[in-house]
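The values are calculated or read from the model by the stated rules, or taken from the named source; none is laboratory data. Since the structure is predicted, the reported quantities are computational estimates derived from the model, not experimental observations. Using ideal geometry, Cβ is built from the backbone for each residue, glycine included, and neighbour counts are taken over all protein chains shown. For the accessible areas, the whole protein counts, side chains as well, though only heavy atoms, and no ligand, DNA or RNA atoms are used. Shrake-Rupley method; radii C 1.70, N 1.55, O 1.52, S 1.80 Å.
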Amino acid sequence: MAAPSEGPPPGSDDARASAAFGQLHEKVQRWIWRQGWTELRDIQERSIPVLIGADRDVIIGASTASGKTEAAFLPIVSRLAWDGAVDGFGAIYISPLRALINDQFGRLEALCEEMDIPVFKWHGDVSAAVKQRARSRPEGILLITPESVEALLVRRGPDVPKLFRSLRYLVVDELHAFFGSPRGKQLQSLMHRIEIAAGRRIPRIGLSATLADMKLSAEFLRPLDPLNVHILESKSSGQELKLQLRGYLEPARARLDVPKQSQTRSDDEAEDDNETARTANEESPADSAIARHLFQTLRGKRSLIFAGSRNRVELYTAKLNELTEQERVPEEFFAHHGSLSREYREHAEQRMKEEDRPASVVCTTTLELGIDVGQIESVAQLGPGQTVSGMRQRLGRSGRRPGKPSIMRIYAKELEFGERIHPLDALRRETIQCVAMINLMLAKWNEPPALGRPNFSTLTHQILALIAQHGGLTAKQAWQLLIESKVFGSISIDLFKTLLRRLADPSVRILEQAADGTLLPGEAGERIIQGRDFYAVFQTPEEYRVITDRGRALGTLPLETPYQPGQLIIFGGRRWRIFTIEAIRKEIVVTPARGGRPPTFGGTALPPADGVILEMKRVYEEIPLPSYSDKSATELIQEARESYDLYGLRKRNHLYSGDMILLFPWVGPQAQQALLLSLEDYELEPMPMGLAIGIPSKLEIQLRRALERLATAAPPDPVELAYLISQKLRDKYDWCLGDDLLAQELAADLDTARVSGLCNLLSISLREAAAED
């Protein structure tokens with residue numbers, strides 16, 4: 001909305017100029033004028049005529065702070081006001097976050113108060129008494145999470161038709177947050193089940209600031225009829241942006257003297273203790289310098305600092321609070337992440353809403369979505385972050401006040417050049433990725449949604465949920481509700497039958513079948529349904545403990561990449577070979593890899609998305625130096641380009657580093673994992689290293705032969721490759737599926753169609769280099 005002002009009274013020429021305004025209920029019009037808004041935003045002008053009739057599906061794509069919520073609810077509230085009191089909820093708003101529901105509750109309650117339209121919030125923190133009032137007299141607007149919708153359907157199955165029989169709208173906020181996840185599949189199923197209970201099609205409205213592909217987004221919102229989803233994208237040019245990329249150098253670690261050890265300890269163990277001591281006790285000059293700049297820049301202001309991991313949130317909050325104590329100024333830096341108590345998080349959120357007091361919150365992605373934390377002056381981000389869409393979402397948290405710019409500072413940290421610097425660190429990957437993602441954000445590019453994965457785990461959950469809701473169902477009914485609805489449209493009838501047989505297997509006992517063919521929960525299924533966490537389909541990302549073959553714990557690794565026995569990994573600054581992977585105990589047992597200490601490589605295992613990788617290559621090769629980088633960041637970019645040319649990566653797709661060959665396929669995670677598994681199938685011990693795949697130099701001859709064969713062969717079968725993945729358990733119910741179904745599912749994450757071409761490219765690179773030598 002426009003800035004508050006006295007504004008013209010209702011009925012003036014300015015009011016009549018807005019045709020959309022005139023379509024709203026009179027009381028909604030009065031509410032708008034009481035806010036002091038002099039005009040409707042572009043997206044609101046366009047959405048009101050489309051939504052007022054409650055007869056079509058709509059996606060509203062507009063930047064953060066563009067008025068998306070009002071674009072949906074001004075016409076919705078008008079329609080509910082005209083309809084008057086009805087028996088049943090008039091609109092449902094589904095949000096991925098409880099905190100976002102709490103925030104929207106206050107906004108919608110104020111809008112609906114004069115029209116006597118009740119607004120209910122419903123999630124795990126809401127009292128049973130409030131939920132009972134909503135169930136006993138359902139009307140107005142219900143704000144709810146997917147998990148609470150699931151609980152409502154399962155626990156109150158007979159009452160569900162009454163709750164939803166008058167439903168006019170189904171709104172999904174932060175639509176993009178559900179794409180490509182178990183929760184997204186659950187949401188699609190829940191929307192279909194709500195319509196079954198209501199006995200008719202309910203208009204679905206999706207809201208998002210970061211949708212990359214509107215066609216795929218429409219397929220997600222209405223799988224059976226995506227072509228009739230009305231797309232509304234804001235034409236607003238947006239506000240002024242102020243961006244800065246800041247570069248920092250981490251000094252090369254000096255080698256410490258190895259303390260004397262008992263004669264019973266090996267050199268490897270002593271060296272490992274030394275590395276651990278250095279990591280634990282050594283102060284990071286770059287982290288300290290970044291913290292000082294954050295303190296000097298943000299103290300006395302209102303900001304969000306996105307630190308990435310929970311450990312980094314705690315690290316930087318502690319450093320900022322230490323500086324606060326040294327300067328003897330009031331506390332104004334707070335931590336916010338999922339492991340903190342609700343009371344602690346809410347304290348930080350409330351402090352941010354007190355606009356008369358400065359405050360900054362150091363957070364993970366917990367404050368990335370549209371939770372209202374007051375007027376944010378600027379945003380800081382440590383490193384490139386995970387996605388371009390996330391970067392855009394974060395940038396939109398600042399500058400919401402009219403006339404104020406959106407401000408974002410991004411901090412990149414690199415290792416100082418030294419004689420042992422790893423080529424991937426010399427390429428300044430973090431800085432170049434930051435530049436690539438900023439460029440793509442400014443070009444309005446987002447990662448495309450991943451919608452094609454079968455997701456047998458969530459399908460298993462939904463079968464159990466439907467059985468619990470209805471007291472049993474037949475296989476045909478399950479097929480109609482879950483597969484013919486296209487919620488799980490990529491699953492064939494043969495795979496569906498295989499799943500049902502697997503769930504009924506005596507070793508699993510999730511399902512059993514009555515004499516009349518009705519599916520019922522088996523012994524294990526009963527326990528699952530009765531469990532407190534049944535209604536959520538997601539689980540905390542699994543991490544495997546990394547331990548040595550002598551039982552020493554080294555740390556944890558998230559399940560982000562297909563680790564294999566025999567594979568080399570770099571962990572804690574050392575090279576290890578995976579000995580075994582224990583899926584049940586969630587342990588990776590490693591042994592020291594011989595051949596000397598490797599250079600430090602501070603990278604991640606997986607590359608970013610294809611679009612980001614291609615933009616990074618452009619940054620290395622052709623585009624001008626960005627104007628938004630400070631002097632240090634500009635120097636890092638120049639060093640990156642010099643390293644890129646020094647290693648000959650303009651002409652080649654590989655380089656030699658110590659006893660490793662680094663292959664550069666320049667592709668995203670789906671194609672790189674397919675290539676990595678193809679090389680694993682040839683026993684080449686590939687190591688995922690982000691931009692590159694490492695192969696031991698001793699295997700160069702075998703590598704050449706494998707690349708030549710793969711380059712001329714048909715693309716590998718993705719299912720056969722998926723069988724090579726040792727730790728297949730990723731989602732909540734994967735434990736009961738068996739290798740065959742899991743391989744079918746994981747195959748959807750592998751882009752095998754590009755393997756032959758990539759192998760041809762890499763083969764030519766190696767062959768030409770050999771000819772030159």
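Altogether, the Stokes-Einstein calculation at 10 °C and 1.306 mPa s, with the Kirkwood radius of region 642-686 over Cα pairs as Rh, returns a diffusion coefficient of 135 µm²/s. Principal-axis analysis of the Cα atoms of the chain puts helix 285-298 at an angle of about 30° to the longest axis. Taking only protein heavy atoms and a 1.4 Å probe, the accessible area of the chain is 48% carbon and sulfur.
The GLU642 and ASP549 beta-carbon pair, evaluated with R₀ = 45 Å, returns a calculated FRET efficiency of approximately 0.60.
Report the residues of region 52-77 in range of a label on ASN228: point 7 Å along Cα→C-beta, backbone N strictly under 16 Å from it. From region 52-77, the list is 53-59.
Here's how it looks for VAL171: its modeled amide H is under 5 Å from those of ILE92, TYR93, ILE94, ILE205, which are all 5 or more places away or on a different chain. Estimated at 0.36 nm per residue, the fully extended path between LYS476 and THR591 surpasses their Cα-Cα distance by 36.3 nm.
Near SER629, the amide H atoms lying under 5 Å from its own belong to LEU245; only residues 5 or more places off or on other chains count, and H is placed 1.01 Å from N. Distant-in-sequence amide contacts of VAL119, defined by a placed amide H-H separation under 5 Å and a gap of 5 or more residues or a different chain, comprise ILE141. Would you mind getting me the FRET efficiency between GLN132 and HIS347? Use the beta-carbon distance for r and R0 = 30 Å, nearest 0.05. Step by step, r from the Cβ atoms, then E = 0.55. In the chain, Cα pairs under 8 Å separated by at least six residues give a relative contact order of 11 percent. The trypsin sites (Lys or Arg not before Pro) of region 510-549 that meet both conditions, a loop assignment by DSSP and at most 10 other Cβ atoms within 10 Å of the site Cβ, are ARG532.
The 3J(HN,Hα) values that the Karplus relation (6.51, -1.76, 1.60; θ = phi - 60°) gives for region 23-29 are, in residue order, 7, 7, 4, 4, 5, 5, 4 Hz. Gly and Pro appear as x. On a 0 to 90 degree scale, rounded to 10, what angle separates helix 456-470 from the longest Cα axis of the chain? The angle comes out near 30 degrees.
A simple spin-label model places the labels of LYS404 and ALA524 5.4 nm from each other, with each point 7 Å out along Cα-to-Cβ. Ligands, DNA and RNA are left out, and with a 1.4 angstrom probe the accessible area of the chain is 43 Å² per residue.
Calculated mean residue ellipticity, 222 nm, the chain: -12500 deg cm²/dmol, from DSSP H runs (n ≥ 4) at -39500 (n - 2.57) each, averaged per residue and rounded to 500.
Across region 209-215, rounded Karplus estimates of 3J(HN,Hα) from the backbone phi angles (6.51 cos²θ - 1.76 cosθ + 1.60, θ = phi - 60°) give 9, 9, 9, 8, 10, 5, 5 Hz, Gly and Pro being marked x. Take the Cα of GLU327, step 7 Å toward its Cβ, do the same at ILE623, and the gap between the two points is 3.4 nm. For the chain, the orientation-averaged shadow of the C-alpha convex hull comes to 36.3 nm² (one quarter of the hull surface). For GluC sites (Glu not before Pro), the sites in region 614-643 that DSSP calls loop and that have at most 13 other Cβ atoms within 10 Å are GLU622. In order along region 145-154, the Karplus-derived 3J(HN,Hα) couplings, from 6.51 cos²θ - 1.76 cosθ + 1.60 at θ = phi - 60°, round to 8, x, 5, 6, 4, 4, 4, 5, 5, 6 Hz, and Gly and Pro are given as x. Restricting region 196-248 to GluC sites (Glu not before Pro) that sit in a DSSP loop and have at most 13 other Cβ atoms within 10 Å of their own Cβ leaves GLU240. Within the same chain, lysines fewer than 8 places from LYS68 are excluded, and of the rest, those with a Cα less than 18 Å from its Cα are LYS235, LYS444. If you plug the beta carbon distance of SER697 and LEU241 into 1/(1 + (r/R0)^6) with R0 = 56 Å, you get a FRET efficiency near 0.75. Solvent-accessible surface of protein heavy atoms, probed at 1.4 angstrom with all chains present, puts ILE764, ILE94 in the order ILE764, ILE94, largest first. The angle between the Cα long axis of helix 182-198 and the main principal axis of the chain comes to about 20°, on a 0 to 90 degree scale. Here's the list of aspartates and glutamates a cross-link from LYS476 could span, going by alpha-carbon distance under 14 Å and ignoring same-chain residues fewer than 8 apart: GLU484, ASP494, ASP516. If I model region 401-528 as equal point scatterers sitting on the Cα atoms and use the Debye formula, what is log10 I(q)/I(0) at q = 0.14, 0.16, 0.18, 0.21 Å⁻¹? The Cα Debye sum returns log10 ratios of -0.70, -0.79, -0.94, -1.23. Taking all protein chains as they are arranged and a probe of 1.4 Å, the heavy atoms of VAL126 leave approximately 20 Å² accessible to solvent.
Here the extension length gained between GLU113 and ARG420 equals 103.8 nm, from 0.36 nm per residue of separation less the Cα-Cα distance.
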